[in-house]
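First the structure, which I've put down as structure tokens, then a few questions once you've had a look.
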Amino acid sequence: MYPILETKKLTANIYWMEVKAERIAKSCMPGQFVIVRTDADSERIPLTICDYNREKGTITIVFQPVGASTHLMTSLKSGDAFHDVAGPLGCPSELTKETKEALAAKKILFVAGGVGTAPVYPQVKWLHEQGVAADVIVGAKTKELLILEEEMKAVAGNLYVTTDDGSYGRSGMVTKTIQDLVEQEGKHYDLCVAIGPMIMMKFVCKTTEALNIPTIVSLNPIMVDGTGMCGACRVTVGGEVKFACVDGPEFDGHLVNFDEAMQRQQIYKTQEGRAYLAAKE
Ligand code: NAD
Ligand code: FES
């Protein structure tokens with residue numbers, strides 16, 4: 001069992017949890033994820049590791065209820081436990097394999113959208129610990145949906161907050177701020193890392209392709225086993241079939257077939273929605 005030490009709500013519908021998982025906390029790296037199960041019969045839910053504390057033996061996860069199982073997770077409190085937490089899964093971010101000198105020579109821009117801000121945080125924090133200050137754009141629909149602003153401010157070089165409705169920070173979607181930074185404010189970036197909803201990553205990639213900025217995205221397709229056996233997380237990258245759980249989750253965004261990935265995500269929507277409504281009754 002994996003005890004939950006603390007829970008909090010980051011917004012009306014986004015939840016944060018600190019979980020005791022000593023073996024995972026000891027070895028996980030930014031970019032990796034875990035698969036959690038609330039009980040022996042529940043669905044396996046993939047969640048990116050948002051933070052880890054090697055001394056304390058804990059990891060933190062952030063999630064939004066979208067189906068029956070994540071809805072059930074919202075009722076878990078400090079003192080409860082997950083039946084199992086498998087991980088760390090997936091490949092660590094490519095950035096973690098580069099030397100400090102190579103990283104210092106690079107101007108990196110992170111683009112985080114909504115709940116995707118959570119998986120961006122450990123990467124920016126890890127770079128900060130290597131003495132590298134990356135620029136970060138965090139986008140949310142409204143001020144109320146913005147998460148981890150203070151945490152991100154503490155580790156980012158420059159933090160640019162955008163809201164779709166203009167209720168806080170810059171106005172508009174993240175793609176507008178990317179364009180403004182490069183075209184109006186004279187910024188230059190060697191690499192962009194974008195994590196958020198699939199539609200955001202698709203349009204960030206269109207924007208950065210036009211601006212000639214190589215771009216990494218972190219894909220979160222439907223996952224079942226998380227070990228490359230079931231094929232549920234199949235995506236097409238550069239015309240080749242890849243499994244996000246073992247080949248990713250990070251890929252060259254300019255090569256990802258986003259339309260296919262979004263279509264596959266939709267396949268399970270009806271089933272998930274029915275189970276969610278049944279769980280709420
Ligand atoms: P959201 O819909 O509120 O979008 C967040 C931001 O993305 C927006 O504020 C906007 O700036 C940008 N965006 C959205 N659509 C865009 C478009 N068409 N063009 C340009 N920019 C656009 O985000 P949310 O509701 O928090 O997202 C939830 C989704 O994120 C879920 O589907 C979840 O699966 C996904 N998610 C992905 C990851 C990952 O690892 N990739 C991690 C967590 C959550
Ligand atoms: Fe089964 Fe990736 S989740 S192959």
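The values are calculated or read from the model by the stated rules, or taken from the named source; none is laboratory data. In this text, all values refer to a predicted model and were calculated from it rather than measured experimentally. Reconstructed Cβ throughout: ideal geometry from the backbone, glycine too, with neighbour counts over all protein chains shown. In case anyone asks, the SASA skips ligands and DNA or RNA and just uses the protein heavy atoms, side chains included. Shrake-Rupley method; radii C 1.70, N 1.55, O 1.52, S 1.80 Å.
Let me check something: with ligands and nucleic acids excluded, how do LYS141, LYS206 order by accessible area (1.4 Å probe), largest to smallest?
LYS141, LYS206
Given a 1.4 Å probe and the protein chains all in place, what does the accessible area of THR7 round to, in Å² to the nearest 10?
Around 50 Å² of this residue is reachable by solvent.
Per 0.36 nm of contour for each residue apart, how much would the distance between GLN179 and ALA12 grow if the chain were fully extended, relative to their Cα-Cα spacing?
Using 0.36 nm per residue and subtracting the Cα-Cα distance, I get 57.1 nm.
Per-residue HN-Hα couplings for the stretch 43-50, Karplus 6.51 cos²θ - 1.76 cosθ + 1.60 at θ = phi - 60°, whole Hz, x for Gly and Pro?
Listing the rounded values in order: 5, 8, 10, x, 9, 5, 6, 8 Hz.
Same structure again: If you wrap the stretch 100-213's Cα atoms in a convex hull and average its projection over all directions, what's the area in nm²?
Averaged projected hull area, Cα only: 6.4 nm².
Cα-Cα over 27 Å: which of LYS56/LYS125; LYS56/LYS202; LYS56/LYS77? Don't jump to the answer; show the numbers that get you there.
Working: LYS56/LYS125 18 Å; LYS56/LYS202 37 Å; LYS56/LYS77 19 Å.
Result: LYS56/LYS202 exceed 27 Å.
State the extension gain, in nm to one decimal, for the chain segment bounded by ASP252 and LYS106, taking 0.36 nm per residue of separation less the distance between their alpha-carbons. Before the final figure, lay out each step's value.
Details: separation 146, 0.36 × 146 = 52.56 nm, distance 1.70 nm.
Stretched out fully, the ASP252 to LYS106 stretch lengthens by 50.9 nm.
In terms of modelled amide H atoms, which long-range or inter-chain residues lie less than 5 Å from the amide H of SER42?
Those qualifying (amide H under 5 Å, at least 5 residues apart or on another chain) number zero.
Let me ask something else about it. Under the Kirkwood approximation applied to all pairs of distinct alpha-carbon atoms, what is the hydrodynamic radius of the chain in Å?
Here the Kirkwood hydrodynamic radius works out to 19.1 Å.
Same structure, new question: Excluding ligands and nucleic acids, what accessible area in Å² is computed for ASP165 using a 1.4 Å probe, to the nearest 10?
For ASP165, the solvent-accessible surface is approximately 90 Å².
Follow-up question, since we're still on this one. With a probe of 1.4 Å, find how much accessible area the chain has per residue, and write the answer as a whole number in Å².
Values: 12910 Å² over 281 residues.
I get 46 Å² per residue for the chain.
What ranking of ILE222, ILE147 comes out by heavy-atom accessible area, probe 1.4 Å, highest first?
These residues rank, largest area first, as ILE222, ILE147.
In the chain, carbon and sulfur make up what percent of the accessible area (probe 1.4 Å)?
Of the solvent-accessible surface of the chain, carbon and sulfur hold 51 percent.
Still on this structure: What whole-number value in cubic angstrom gives the convex hull volume per residue for the C-alpha atoms of the stretch 114-171?
Values: hull volume 3.4 nm³, N = 58.
Output value, Cα hull per residue: 58 Å³.
Classify the stretch 219-275: rounded, prolate or oblate, from the alpha-carbon gyration tensor (a ≥ b ≥ c, eigenvalue square roots; a/c under 1.5 rounded; otherwise prolate if a/b is larger than b/c)?
It is oblate, given that a/c is not under 1.5 and a/b is not larger than b/c.
Please list the non-local residues whose amide H lies under 5 Å from the amide H of ALA81, H modeled 1.01 Å from N, same-chain partners needing a gap of 5 or more.
The list, which skips near neighbours in sequence, is ILE4.
If you don't mind, another one. If r is the Cβ-Cβ distance from THR142 to GLU260 and R0 is 22 Å, what FRET efficiency results, to the nearest 0.05?
FRET efficiency, THR142 to GLU260: 0.10.
How many angstrom separate the Cα center of the stretch 117-186 from the Cα center of the stretch 187-211?
Measuring centre to centre over Cα atoms gives 13 Å.
Grab the Cα-Cα distance for SER27 and LEU5, subtract it from 0.36 nm times how many residues apart they are, and report the gain in nm with one decimal.
The SER27-LEU5 span can extend by a further 6.0 nm.
Using θ = phi - 60° and the Karplus curve 6.51 cos²θ - 1.76 cosθ + 1.60, what whole-Hz ³J(HN,Hα) does each residue of the stretch 57-62 get, with Gly and Pro shown as x?
Each residue's phi maps through the Karplus curve to give x, 10, 10, 10, 10, 10 Hz.
Amide H neighbours of GLY139 under 5 Å, counting only residues 5+ apart in sequence or on other chains, H built in-plane at 1.01 Å?
Close amide H contacts, sequence-distant or interchain: ALA112, GLY113, GLY114, THR162.
Against the empirical 2.2 N^0.38 Å scaling, what ratio does the C-alpha Rg of the stretch 18-63 come to?
Dividing the Cα radius of gyration by 2.2 N^0.38 Å gives 1.12.
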